[in-house]
Amino acid sequence: DKALASINLGIEIASDPLPFKLQKAILDKERLSVEEYLAQIELLAGEYPQDPVIQNSYSQALFEAGNIEEAVFAAQKALQLNQDAASSLDTAEIHASLGNMLRQIGQQDQAIQHLSKAIELEPRSIRNYLSISKALIESKEYPSAIEYLENAIANDPNNAGHYVEIANVYKEMKDYPNAERMLKKAAEINPEDVHVQRQLAGVLALNIIHSN
């Protein structure tokens, strides 16, 4: 198409073809399979081993292809390169991405470190609060998980899902009154959600059992 033809021409004639190659990579991601895109971006990563944007894109492609350990290595490289050079790459986004990858391979402590850094750099990202809470729950650090989930609620108070998440943490702690309180809030926000109503009924029953 015309866009691709224009980009290819830029690659051929530009003194610095990298911006055009990045645009082509974005188009390739939309039109190629995961494996085909990975092959393309891998070639680009080999051609520009010191470019943090390319290395971060390579990391994402590896992750989407299921090569998580290799993706972690590429993300770590991108983060280091980004710190060493004046780059337009979002450092918070690399930390968040790396934290989520590390969480999936069971390295919760490192995941929490990177996600904490992402939150420090971008404190309004609800996604990062939810991600770090998952890592903390998997590490059984329930009070800290609740603290981050409360931050998610503070930034997005009308999302019933956040209250359900925090209720589940309270259930793990066997704090059924607080679990009930959170599920009631979720039910107020989304009264038609049958799943929330069922969970609330279950917690109400547990409250009765444990109060006797």
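As a calculated quantity, the FRET efficiency between ILE26 and ALA201 at R0 = 45 Å, using C-beta atoms, amounts to about 0.40.
In the chain, taking the dipole from charged Cβ atoms about the Cα centre, the farthest positive-side position among VAL72, PRO49, TYR163 is held by TYR163.
On a full-extension model of 0.36 nm per residue, what is the gain between ASP1 and ALA14, subtracting their alpha-carbon distance, rounded to one decimal in nm? Could the numbers behind the result be given before it?
Values: separation 13, 0.36 × 13 = 4.68 nm, distance 1.97 nm.
Between ASP1 and ALA14, full extension yields an extra 2.7 nm.
Charges were assigned to the Cβ only: +1 to each Lys and Arg, -1 to each Asp and Glu. The resulting dipole of the range 126-212 about its Cα centre is roughly 160 debye.
Where does each of VAL34, VAL194 land when they are ordered by accessible area, with a 1.4 Å probe and the largest first?
Working: VAL34 60, VAL194 85 Å².
Highest to lowest solvent-accessible surface, that is VAL194, VAL34.
When Rg and Dmax are taken over the Cα atoms of the range 111-163, they come to 10.2, 28 Å.
The magnitude of the dipole of the range 126-169, with charges of +1 and -1 set on the Cβ of Lys/Arg and Asp/Glu and taken from the Cα centre, is near 100 debye. Excluding same-chain residues fewer than 8 positions from LYS184, which lysines have a Cα within less than 25 Å of its Cα? In chain and number order, the partners are LYS134, LYS140, LYS171, LYS174. Charge dipole (Cα centre; +1 on Lys/Arg Cβ, -1 on Asp/Glu Cβ; no other charges) of the range 41-173 amounts to roughly 280 debye. Just to confirm my numbers, what's the Cα centroid distance between the range 126-188 and the range 39-59 in Å? Spelled out, the Cα-based centre of one part sits 37 Å from the other. Here the Debye sum runs over all C-alpha atoms of the chain as equal scatterers in vacuum, and log10 of I(q)/I(0) at q = 0.08, 0.09, 0.12 Å⁻¹ comes out as -0.40, -0.49, -0.75. Rounded to the nearest 10 degrees, the angle from helix 18-31 to the longest Cα principal axis of the chain is 50 degrees. Counting charges near GLY106 (Lys, Arg +1; Asp, Glu -1) among other residues having Cβ under 13 Å from its Cβ returns a value of -1.
Quote to one decimal, in nm, the extra length available between SER144 and HIS210 on full extension: 0.36 nm per residue of separation minus the C-alpha distance between them.
Details: separation 66, 0.36 × 66 = 23.76 nm, distance 2.48 nm.
So the chain would gain 21.3 nm between SER144 and HIS210.
Computing FRET efficiency as 1/(1 + (r/R0)^6) for GLU64 and GLU120, where r is the C-beta to C-beta distance and R0 is 25 Å, gives about 0.40. Which aspartates and glutamates does LYS2 reach when only Cα atoms under 17 Å apart count, and residues fewer than 8 places away in its own chain are ignored? Hits, sequence-local ones excluded: GLU12, ASP28, GLU30. Answer with one residue from ALA135, LEU206, VAL196: the one whose Cα lies farthest towards the positive end of the charge dipole of the chain, charges on Cβ with Lys, Arg +1 and Asp, Glu -1. It is LEU206, whose Cα lies furthest towards the positive end.
The values are calculated or read from the model by the stated rules, or taken from the named source; none is laboratory data. Quick caveat, the model's predicted, so the values are computed rather than measured. With ideal geometry, Cβ positions are generated from the backbone for all residues, glycine too; neighbour counts draw on all protein chains shown. SASA here: full protein model, heavy atoms, side chains in, ligands and nucleic acids out. Shrake-Rupley method; radii C 1.70, N 1.55, O 1.52, S 1.80 Å.
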